[in-house]
Structures are given as structure tokens and as C-alpha cells.
Amino acid sequence: MSLIELENVAKSWGNTTALQAVNLRIEPGSFCVLLGPSGCGKSTTLRMIAGLDTPSSGTVRIDGRDVTHLPPAERGIAMVFQNYALFPHLTVADNIQFGLQVRKLPKAECMQRLQQTAELLGLTALLDRKPGQLSGGQQQRVALGRALVARAKVCLMDEPLSNLDAQLRQEMRAELRELQQRLGLTVVYVTHDQAEAMSMADQVVLLHQGHVEQCARPRDIYAQP
Ligand code: ADP
Ligand code: ADP
């Protein structure tokens, strides 16, 4: 069974149609990249999965459950954004733990998860710093840590590497992919960068003017006549 399923998902605002009738299935443990030029509907598709927006029509399912009208917090998903969305006045540790504290998890459990996550991402020595004292790549890891610490099955990422320079972006691609495979995460990843999509994806979803133009493994994506 697919972990994420969009069935005829459409979205309009007044005269603007962002999505026409998107049908999409994403398998558990896979790395799915939504690819296409600016304005083709990538972010809107991601927001539909996240629950940050409601479709005008159609159905969103996660793990077989109709979540179309559920808020983000009830969908078992985590999100990583382009601008990291870190709190500048909080330490790395508190930034990572933020969601756990909000959910009122026991302190010992929070601490254990924090340490595990920090170790996984090589952040153990940086836990007392503030985001402003970190490099771009380190900040990106903290944002990832915040998603991972919640143990969500699904991680949604909107251009998470686009603020990094080319060299670091290359490194983080490999790192992210390795982590995704090791943890068996299901990732839905938005980018307009074709090379990035081809190097990372199990499944590339090519969007064009609000509909899915192609959906294939990277090596098959341009193979059609
Ligand atoms: P992408 O992520 O591929 O750049 P988006 O999903 O952000 O594309 O946007 C798709 C289309 O929907 C664009 O034409 C955009 O201007 C429009 N759009 C997105 N969000 C809104 C909104 N809140 N209100 C009106 N139009 C929107
Ligand atoms: P992205 O860079 O991911 O495509 P944008 O910067 O286009 O996102 O959009 C950021 C926010 O503005 C989103 O919440 C999106 O829904 C909204 N938005 C995008 N386009 C429009 C638009 N034409 N009118 C109103 N809101 C929009």
C-alpha cells in the first residue's frame, strides 16, 4: 500500500488554479522529488500533504487514512523548510527539542531522543550554541534534527538546500539521502533543480502547470518518446 496518496487533488484561489487534478502515490521508505519550474504547483502539492492548505476538491490519504481535513499536527508528518525556521534566541538543543516540549513528552524521553538525534547528525558538540553561531550546513542539520526527533514517518522538504553554496549543497544531498535510507524515512522533496532531483530521487514527479506530467524513476524520466 502507498504511504501517501493524492486522488484528484485540485486547488484554486479565485481565478488562479494552482493544481488541476493531481494523482500521486508515494511508497513507504522512498525518496520522492517534486520537480518543475517556478509556479508549477510544487509547494502547493506539498502543502496539501502537510495540511497547511485544504484542497478545493479531491482526497489526501496518509497510511490509508483520509487526512484531507485533518490539521498538520494530526498527520504524523514533519517539515523542513528552505529558511530553516530556527528560533534565533534558542540553543541548538532547544531548537531540536521544541516540538517534543510542546507535545509534553517526559523529560527523560526528550533527553534521550535529543542525544540520539544530535549524534546521528554530528551536532553533539554544538548543542549549547545559538543558530547564529553555526554555518549554513549546521543550521540545515538542526532543522533536520527537529524533524527527525519527532520520529515522523514522513518528512516533507521544500527546497531545504537552496540557501547553501554549491559545494555544501552537494555534500548535504548525499548526507540527506544516506540518512533517509538508514532511517527508512519517506521523504517528499521539492526542488526546481533537475540535477538535484536526478541525483536524489527514487521517484521523480514532474509537475507542469498544476498537473503531473511524468512520474518515473530518474533513469526513465526522459526515456519516453
Ligand atoms: P511552485 O512551488 O512550483 O513554485 P506554487 O505551488 O507555489 O508553485 O504555486 C502554484 C501557483 O499557485 C502559482 O501560480 C502561485 O502564484 C499560485 N499560488 C500559490 N499559493 C497561492 C495563494 N495562497 N494564493 C493565490 N495563488 C497562489
Ligand atoms: P515557493 O517559493 O515555495 O514557491 P512562494 O514564495 O511562492 O513559495 O509562496 C510563499 C507563500 O505565499 C505560500 O504560502 C503561498 O501559498 C503564498 N502565495 C504564493 N503565490 C501567491 C499568490 N499569487 N497570491 C497569494 N499568495 C501566494
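The values are calculated or read from the model by the stated rules, or taken from the named source; none is laboratory data. All of these numbers come straight from a predicted model, not from anything done at the bench. Backbone-built Cβ (ideal geometry, glycine too); neighbour counts: all protein chains shown.
Taking into account only those residues within the range 51-72 that are part of a loop (DSSP other than H, G, I, E, B) and out of contact with any Gly (no Cβ under 8 Å at 6 or more places or on another chain), which is nearest to ligand 1 (Cβ to nearest atom)?
D53
Among the numbered criteria (1) part of a helix (DSSP H, G or I); (2) in contact with a Leu (Cβ under 6 Å, 6 or more places away or on another chain); (3) in contact (Cβ under 8 Å) with a residue 60 or more places away in the chain, which one does L156 miss?
(1)
Does V9 satisfy the condition of being of a type in the set (V, I, T), outside any helix (DSSP H, G or I) and within 16 Å of ligand 2 (Cβ to nearest atom)? First the steps, then the outcome.
Numbers: of a type in the set (V, I, T): yes; outside any helix (DSSP H, G or I): yes; within 16 Å of ligand 2 (Cβ to nearest atom): yes.
Here the answer is yes, as V9 does meet what is asked.
Part of a strand (DSSP E or B) and hydrophobic (A, V, I, L, M, F, W, C), is that true of A108?
No; evaluated as a whole, the condition is false for this residue.
Given the residues L24, L34, which is the only one that is crowded, with 16+ Cβ neighbours inside 10 Å, within 12 Å of ligand 1 (Cβ to nearest atom), hydrophobic (A, V, I, L, M, F, W, C) and closer than 26 Å to L176 by Cβ?
Numbers: L24 fails: within 12 Å of ligand 1 (Cβ to nearest atom).
Just one listed residue meets the conditions, L34.
Here's a check for you: in the range 73-94, which residue that is aromatic (F, W, Y) and under 20 Å from Y189 (Cα atoms) is nearest to ligand 1 (Cβ to nearest atom)?
In the first step, residues of the range 73-94 are kept if they are aromatic (F, W, Y); the result is 81, 84, 87.
Then drop every residue that is not under 20 Å from Y189 (Cα atoms), which leaves 81, 84.
Working: F81: 12, Y84: 18 Å.
The residue in question is F81.
Kindly indicate the residue of the range 73-94 that is within 15 Å of L148 (Cβ to Cβ) and modelled with pLDDT of 95 or more and also farthest from ligand 2 (Cβ to nearest atom) among those meeting that condition.
A93
With the structure loaded, tell me whether L52 is aliphatic (A, V, I, L, M), under 20 Å from the mean Cα position of the chain (by Cα) and within 18 Å of G132 (Cβ to Cβ) or whether it fails that test.
no
Would you point out which residue out of L114, L100, L120 is crowded, with 17+ Cβ neighbours inside 10 Å and within 26 Å of R65 (Cβ to Cβ)? Spell out how you get there, then give the answer.
Details: L114 fails: within 26 Å of R65 (Cβ to Cβ); L120 fails: within 26 Å of R65 (Cβ to Cβ).
The match here is L100.
I need a count of the residues in the range 171-201 that are part of a helix (DSSP H, G or I) and touching a helix residue (DSSP H, G or I) at 6+ places or on another chain (Cβ under 8 Å). It would help to see each step written out before you state the result.
Looking only at the range 171-201, we keep the residues that are part of a helix (DSSP H, G or I), and these are 171-183, 194-200.
After this cut, where a residue has to be touching a helix residue (DSSP H, G or I) at 6+ places or on another chain (Cβ under 8 Å) as well, the list is 171-173, 176-177, 179, 183, 196-200.
Qualifying residue count, the range 171-201: 12.
Out of the residues in the range 20-72 that are away from ligand 2 (no atom under 16 Å from the Cβ), out of contact with any Ser or Thr (no Cβ under 7 Å at 6 or more places or on another chain) and charged (D, E, K, R), which is nearest to L185 (Cα to Cα)?
D63
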